[in-house]
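Bear in mind these aren't lab numbers, they're just calculated from the coordinates by the rules spelled out. Keep in mind that this is a model prediction, so the values were computed, not measured. Every residue, glycine among them, receives a Cβ derived from its backbone with ideal geometry; neighbour counts consider all protein chains shown.
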Amino acid sequence: MDDRNEIVRELSAPLASGRGWIKFLGILSIVSGALGAISIIGILWAWLPIWLGVLLFQAASGMEQASINGDSATFVMAQNKLRLYFLINAVMIIIAFALAILFVLFGGMALMAGLLAHHASTTL
C-alpha cells in the first residue's frame, strides 16, 4: 500500500507545486463572476466563472492533499475537477466561436443589404 501512496504523491506533485497559481486563477474567476453579477445582463451567466473558479480551487486543494497523503481517491477527485473545468471551458469556447461566426455572417449580410439598398437608391 505504501508503494501506491508514493506513486500518487509523485503523480500529484507537479500540479500540487502549482497549486498557488491554480488557486489564484480560481479566485480571479470567482471575482470576475461576482463582478459580472452586479449588472442585470451579467447575472445571467455570472454563475459560470464562479463555478469554474470553485472547480479550480477544489482541484488545487485536492492535488495538494494527494501530494501530502498519497490518497488516490483525493487524486482522482482533483483530476475530475480539472476535467470538468476544461470541459466547461471547451463548450464555452465552442459556443463563443459559433456566436461570433453567426454575428459575422449576419452582420455581413446586413452590411451587404445596406450597401445594395444605398446603391439602388442613389442610382434611381
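Considering only PHE75, GLY18, THR122, and ranking their Cα positions along the charge dipole of the chain that arises from unit charges at the beta-carbon of Lys, Arg, Asp and Glu, the one farthest toward the positive end is THR122.
Under the convention that each Lys and Arg Cβ holds +1 and each Asp and Glu Cβ holds -1, the size of the dipole of the range 1-51 around its Cα centre is about 260 debye. Each of MET63, MET77, MET92 has some number of other Cβ atoms within 10 Å of its Cβ, and from fewest to most they run MET92, MET77, MET63. Ranked for footprinting exposure by Cβ neighbours inside 10 Å, fewest first, LEU99, LEU15 give LEU99, LEU15.
Charging the Cβ of each Asp and Glu at -1 and of each Lys and Arg at +1, and nothing else, the dipole of the range 2-89 about its Cα centre rounds to 340 debye. When only Cα pairs below 8 angstrom with a gap of at least 6 residues are kept, the range 1-64 shows a relative contact order of 42 percent. The alpha-carbon atoms of the chain, seen along their principal axes, cover 88, 30, 18 angstrom, with the largest extent given first. As a proxy for reagent exposure, LEU102, LEU11 were ordered by neighbouring Cβ count within 10 angstrom, fewest first; the result is LEU102, LEU11. Relative to the longest principal axis of the Cα atoms of the chain, helix 47-69 runs at roughly 20 degrees. Computed from Cα atoms, the angle from the helix 72-123 axis to the main principal axis of the chain rounds to 10 degrees. Comparing mean-square fluctuations of GLY107, GLY33, GLY53 from a GNM of the chain with C-alpha springs under 10 Å, the top value falls on GLY107. Highest mobility in the GNM of the chain, judged by mean-square fluctuation with C-alpha springs under 10 Å and restricted to ALA98, ALA78, ALA34, is found for ALA98.
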